[in-house]
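Notes follow the structure.
The values are calculated or read from the model by the stated rules, or taken from the named source; none is laboratory data. Everything numeric in this text was worked out from a predicted model, so none of it was measured. Backbone-built Cβ (ideal geometry, glycine too); neighbour counts: all protein chains shown. Note: areas computed on protein heavy atoms with side chains; ligands, DNA, RNA excluded. Shrake-Rupley method; radii C 1.70, N 1.55, O 1.52, S 1.80 Å.
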Amino acid sequence: MGTQAIAEGAPPQPGLTIDIPAKVSAAKVVFNISRPAFEGDEPTGLSFLRVMSAQFHEAGVKGRLVAVFHGSSGYMMLGDAAYNQARKWRGGNPYKDQIAELQALGVEFEECGKTMRDNHWTNRDMLPGVKINAGANFRIVELVQQGFVQLQP
């Protein structure tokens, strides 16, 4: 017999029963964020990170979340001046506050060094706290070999 469905702290919904509850006590997750995906104006990757961080916290899950940005999503890790130049924009990086909040919750953000080379970006162009890896694909392979589960929102 299933359990009453509760999603993201919402009250049970009559008529919806969860047959296979997910019980996680510890998790290592790498988010492979290689191309822009949005739900309206909200980046799907940042939304998933926010939801998973909150769920881990609420459930007491010991977790490590690493977000690896590369390819056509690499620009999301840029500081204001570099973001404005790359996106032909004047308002600075609109995601920087969300990223800072997630960093405060322990989410680790990485930028692909190859994406940076291809776009002529330097470490100074990145948001504070963003680490640079040698290359996103090999980094994701490395993390998977270390027991991380890969999600690609």
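Being under 18 Å from the mean Cα position of the chain (by Cα) and modelled with pLDDT under 95 narrows it down to one of Pro128, Pro153, so name that one. Lay out the reasoning, then the answer.
On the way: Pro128 fails: modelled with pLDDT under 95.
When all the criteria are applied, what remains is Pro153.
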message = Can you find a residue that is open to solvent by 70 Å² or more (accessible area, probe 1.4 Å) and closer than 27 Å to Arg124 by Cα anywhere in the range 62-72?
response = yes
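Is the range 83-93 home to any residue that is under 30 Å from Ser25 (Cα atoms) and surrounded by 16 or more Cβ atoms within 10 Å (Cβ to Cβ)?
Our first condition is that a residue be under 30 Å from Ser25 (Cα atoms); within the range 83-93, this holds for none.
No, because not a single residue in the range 83-93 is under 30 Å from Ser25 (Cα atoms) and surrounded by 16 or more Cβ atoms within 10 Å (Cβ to Cβ).
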ask   = For the range 126-137, which residues satisfy the criterion of being open to solvent by 80 Å² or more (accessible area, probe 1.4 Å) and either outside any loop (DSSP other than H, G, I, E, B) or in contact with a Cys (Cβ under 6 Å, 6 or more places away or on another chain) (or both)?
value = Lys131, Asn137
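Restricting to the range 36-50, name every residue that is part of a helix (DSSP H, G or I) and either over 25 Å from Ser25 (Cα atoms) or open to solvent by less than 50 Å² (accessible area, probe 1.4 Å) (or both). Explain how you work it out, then say what you get.
Let us first name the residues in the range 36-50 that are part of a helix (DSSP H, G or I), namely 44-50.
Answer for the range 36-50, where residues must be part of a helix (DSSP H, G or I) and either over 25 Å from Ser25 (Cα atoms) or open to solvent by less than 50 Å² (accessible area, probe 1.4 Å) (or both): Thr44, Gly45, Leu46, Ser47, Leu49.
Could you go through the range 105-125 and let me know if any residue there is part of a strand (DSSP E or B), open to solvent by 50 Å² or more (accessible area, probe 1.4 Å) and under 24 Å from Phe38 (Cα atoms). Break it down stepwise before answering.
Filtering the range 105-125 for residues part of a strand (DSSP E or B) gives 108-112.
Add one more test, that the residue is open to solvent by 50 Å² or more (accessible area, probe 1.4 Å), and what stays is 108.
Next, from what is left, pick out any that are under 24 Å from Phe38 (Cα atoms): 108.
Within the range 105-125, one or more residues are part of a strand (DSSP E or B), open to solvent by 50 Å² or more (accessible area, probe 1.4 Å) and under 24 Å from Phe38 (Cα atoms).
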message = As an exercise: evaluate Glu108 against (1) within 14 Å of the chain's Cα centre (by Cα); (2) charged (D, E, K, R); (3) farther than 27 Å from Lys23 by Cβ and give the number of the one condition it does not meet.
response = (3)
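Would you mind finding the one in Pro94, Pro153 that is assigned to a loop (DSSP other than H, G, I, E, B) and either among the aromatic types (Phe, Trp, Tyr) or under 30 Å from Lys23 (Cβ atoms) (or both)?
On the way: Pro94 fails: either among the aromatic types (Phe, Trp, Tyr) or under 30 Å from Lys23 (Cβ atoms) (or both).
After ruling out the rest, the residue left standing is Pro153.
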request  = Would you please name the residue that is nearest to Arg35 (Cα to Cα), looking only at residues in the range 138-150 that are touching a residue at least 24 places away in the same chain (Cβ under 8 Å) and in a helix (DSSP H, G or I)?
outcome  = Ile140
note = Every listed condition ((1) out of contact with any Gly (no Cβ under 9 Å at 6 or more places or on another chain); (2) part of a loop (DSSP other than H, G, I, E, B)) holds for Pro21 save (1)
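Condition check: under 23 Å from Glu39 (Cβ atoms), out of contact with any His (no Cβ under 9 Å at 6 or more places or on another chain) and modelled with pLDDT of 95 or more. Does Gly79 satisfy that? Spell out how you get there, then give the answer.
Details: under 23 Å from Glu39 (Cβ atoms): no; out of contact with any His (no Cβ under 9 Å at 6 or more places or on another chain): yes; modelled with pLDDT of 95 or more: yes.
No, not satisfied.
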inquiry  = Looking at the range 43-67, I want the residues that are in contact (Cβ under 8 Å) with a residue 24 or more places away in the chain and at positive phi and have a partner that is open to solvent by less than 10 Å² (accessible area, probe 1.4 Å) and outside any helix (DSSP H, G or I) with Cβ atoms under 6 Å, at least 6 apart or on another chain. Which pairs are those?
reply    = none
